Each structure stands twice: as structure tokens, then as C-alpha cells.
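Input: a single structure, listed below in C-alpha cells.
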Amino acid sequence: MAQTACGIDIGGSGIKAALVDLATGEFSSERLRIDTPRPATPEAVADVCRRLLDELGVGPDVPVGIAFPAPVIHGVIPFMANLDESWVGIDVDALMDRVLGRDVVPLNDADAAGLAEIAYGAAKGVDGIVIITTLGTGIGTAIVHDGKLLPNTELGHLEIDGHDAEKRASSGQKTLQDLSWKKWAKRLQRYYSHVEMLFSPDLFVVGGGVSKNHEKFMPLLDLKTPMVPAALFNTAGIVGAAWYAAQQRQRP
Ligand code: BGC
């Protein structure tokens, strides 16, 4: 596998990129961040990716993975919950080929975070079913079984008590609705116990920026499944995208 790859993480407020040392899962360049353009149309976002790759000096031989806040089915985005709607139906490979003039490997952002936690973080070497959730503007999920990802799960959109789950329990909603940790934890309890009932995981890994404050809400949850904070905090999207791109490059 390549020694170095580049990861780009497209988020609602910022687009972040870095080179990653694949032996350690650590950044081997500085992390660059450019505000997400408004509106975040495919062309505008692709242009930011181009600027980031230029600034990092990423050569044509370095694999590039791009994490999107949406499922990516065979290179195409079928729906977009938290970025511009004009992404729906976009063929990401063709778009990036046109704007960047190179191959990239697109994937879902929570899948990227999950892969990073498996390769380098809190779920390294864990057998059985691991569910990685990212709590941010939305709720992203990755399901891994014996180290193998089941891609594009969208458990943030489970309908619970008549609501789209992420509209109740994401950390974005905590901020928007100014919920206390205790009130938010009640919503998380409802969410995680439902996911637990459906999937009987062996481990939950909780990522997203808010996982830095895990001691504020994790002890309030009562679940059968062990739950740990992500080890990579907010670098997981970039690291997982880079790792996945290098893996894909290796395949015949
Ligand atoms: C999207 C997922 C994404 C998650 C976190 C959800 O709204 O549907 O694909 O992983 O937000 O960004």
C-alpha cells in the first residue's frame, strides 16, 4: 500500500484536507481548512478541493480520498441531507475528473471515520460488530463486522417516535435547541437503545467533535453495549478517506 495518501473531509462549515502517513494514521502535512462555499454546489466544492490539493502539493501518484456527508453509491450521491441539494444524482468521479483532472476515491464521511477507528483508533483489533456513530450536524453511522465495513448505512435517518433521528439527537440539534447535556443524553439514550435493539453490536464508538466532551454525556447513558469515544476525534474523516483511497488503489 502507498505510504502516504491525502484525505479531504467535506463538512457543512469547513472543507479540511491533509496528507496522512498510513503507517501511523497521523498527519504528515499541516491540516488545511477552507470555509464550505455558500451555496455548497458541486462545482464550488470541487473547486475548493482543487485549491486544497494544490496548496498541499499533492502529486498525481498520491491516492486521494474524499469524504462526503452523504451516501456514495457507486460514485453517485443519491440524497443529501445537510449540504446543497444540487448534489443529488451527481457522479462524483466525473465531477472531480473534470475539475481536478485526476482520479479520486469518494466515500461517506461516517464510513471514513469508521475505517480510521478500525485501522488506527478505538476499534482497532475489535472483532464482532462495531457501530461507529459521528455526532455532528447530522448523525453518521458505520457498521463494521470483523473488520469489514458494510458501506453506506444511514442509521442517522432511522425514524424514531415519528422523527428523523438526527433531527432530535445530533449534536447540531443540541446546539440549535440549546439542550442541556442531561436533556440531550435522554435523546441519545432513545437513539442508541433503538440501534442496540436492532443490531446487537459488540461495541459503540462515538465520534464527531462533541466526543471530546464524552465525559459529559456518555456516563448518563444506560446501554448493554460497551461505548467508547473515538480515538481520532476530528481527524478521523481525513485519515479514513486517505486510508480507503490507498486501499482502493491497491486493488487490481
Ligand atoms: C447523512 C450521512 C452522513 C451524516 C453525517 C447524514 O445526514 O445522510 O450520509 O454520514 O449526516 O455527516
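The values are calculated or read from the model by the stated rules, or taken from the named source; none is laboratory data. Note that this is a predicted model, so its numbers are computed, not measured. Cβ sites come from the backbone with ideal geometry, for glycine too, and all protein chains shown count toward neighbours. With ligands, DNA and RNA removed, areas are computed over all heavy atoms of the protein, side chains included. Shrake-Rupley method; radii C 1.70, N 1.55, O 1.52, S 1.80 Å.
Surface composition of the chain: carbon and sulfur make up 50 percent of the accessible area, probe 1.4 Å.
Rounded to whole numbers, the Karplus 3J(HN,Hα) couplings from phi for region 117-125 are 5, 6, 6, 10, x, 5, 10, 4, x Hz, using 6.51 cos²θ - 1.76 cosθ + 1.60 with θ = phi - 60°, and x at Gly and Pro. Here is how the number arises for the chain: DSSP H runs of 4 or more residues each give -39500 (n - 2.57), the sum is divided by the residue count, and the result at 222 nm is -10000 deg cm²/dmol.
Rg over Rh for region 125-230 works out to 0.93, both radii taken from alpha-carbon positions and Rh defined as the Kirkwood radius. Between the Cα long axis of helix 236-250 and the first principal axis of the chain there is an angle of about 50°, rounded to the nearest 10.
For ILE160, the residues 5 or more places off, or on other chains, whose built amide H falls under 5 Å of its own are ALA165. Radius of gyration (Cα atoms) of the chain, expressed as a multiple of 2.2 N^0.38 Å: 0.96. The peptide list 89-96, 160-167, put in order of mean Cβ contacts within 10 Å with the highest first, becomes 89-96, 160-167.
So with the 1.4 Å probe, I'd like the accessible area per residue for the chain, rounded to whole Å².
45
Phi angles of region 203-213 translate, via the Karplus equation with coefficients 6.51, -1.76, 1.60 and θ = phi - 60°, into HN-Hα couplings of 7, 9, 10, 10, x, x, x, 5, 5, 4, 9 Hz per residue; Gly and Pro are given as x.
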